[in-house]
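The values are calculated or read from the model by the stated rules, or taken from the named source; none is laboratory data. Note that the coordinates shown come from a computational prediction; the quantities given were computed from them, not determined experimentally. Glycine also receives a Cβ, built like all others from the backbone with ideal geometry; neighbour counts cover every protein chain displayed. Just so you know, the surface numbers come from the protein's heavy atoms only, side chains and all, with ligands and any DNA or RNA stripped out. Shrake-Rupley method; radii C 1.70, N 1.55, O 1.52, S 1.80 Å.
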Amino acid sequence: MAKSYNEQQTIEIVRNIHRNLAIITAILLLTGQITIMGIFVTPHGFRVTLAGPITGLRRIESPTGNPIVNLIISLLNIIIAKLLILDQFNVTGSALTPDGFTINCGGPILGLPRVTPKIPDFNNYLDNFHKLVCKYFDLDPKVVNKYKRKRKRKR
């Protein structure tokens, strides 16, 4: 029998997934599998981009092998990992590149709002989907509604 979740339980599950992604990202930073690749400037703040061998991209290092530059990169990685562990940073998304993908992180300390899970209203999306199907396939909406599964309405 399928387990039913209310909206608050679902939000808590999504929040836990976000938190676990932050911890995993911090572990990858501390083990050298990913490193800071760049900083994105957004209208409301900054995001750091992380990537490395595990994401299909090379780990960033000093092109001249300068140990001071490599130390600064390592210190930035440790700071980002600490912010992720302390829940000051969140994983905010991922970007696909031709060679792999990057992990984007940010948080209030960089001017970005904290990531808060939002549960979309799937019923609204489903209604819009039915309207589009009727319009583009030239179907009578009454026929579609006749065979549409009955949904429980929120109280």
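Details
- Ranking of Val91, Val143 by solvent-accessible surface, largest first: Val143, Val91 (1.4 Å probe, protein heavy atoms only, all chains present).
- Probe 1.4 Å, all protein chains present, accessible-area order of Thr55, Thr92, largest first: Thr92, Thr55
- Note on Lys142: aspartates and glutamates with a C-alpha under 14 Å away, same-chain residues under 8 apart excluded, are Asp127.
- In straight-distance terms, cross-link reach from Lys131 covers every one of the aspartates and glutamates whose alpha-carbon lies under 12 Å from its own, apart from those fewer than eight places away in the same chain; here that gives Asp140.
- Estimated FRET transfer efficiency (Val69, Lys118; beta-carbon r; R0 35 Å; 0.05): 0.30
- At the residue level, Glu7 shows approximately 100 square angstrom of accessible surface with a 1.4 angstrom probe and all protein chains present.
- Computed over segment 31-140, Cα set: Rg, Dmax in Å: 19.9, 70
- Computed with a 1.4 Å probe on the full set of protein chains, the accessible area for Ile72 sits at about 90 Å².
- Here Ile23 and Ile79 are evaluated by their C-beta separation; at R0 = 22 Å the FRET efficiency comes out at 0.85.
- Between Tyr136 and Ala95, the modelled label-to-label distance comes to 2.9 nm, taking each label 7 Å out from Cα in the direction of the beta carbon.
- If you sort Phe101, Phe137 by accessible surface, 1.4 Å probe, largest first, the order is Phe137, Phe101.
- Exposure check, 1.4 Å probe, all protein chains in place: Ile60 carries approximately 60 Å² of accessible surface.
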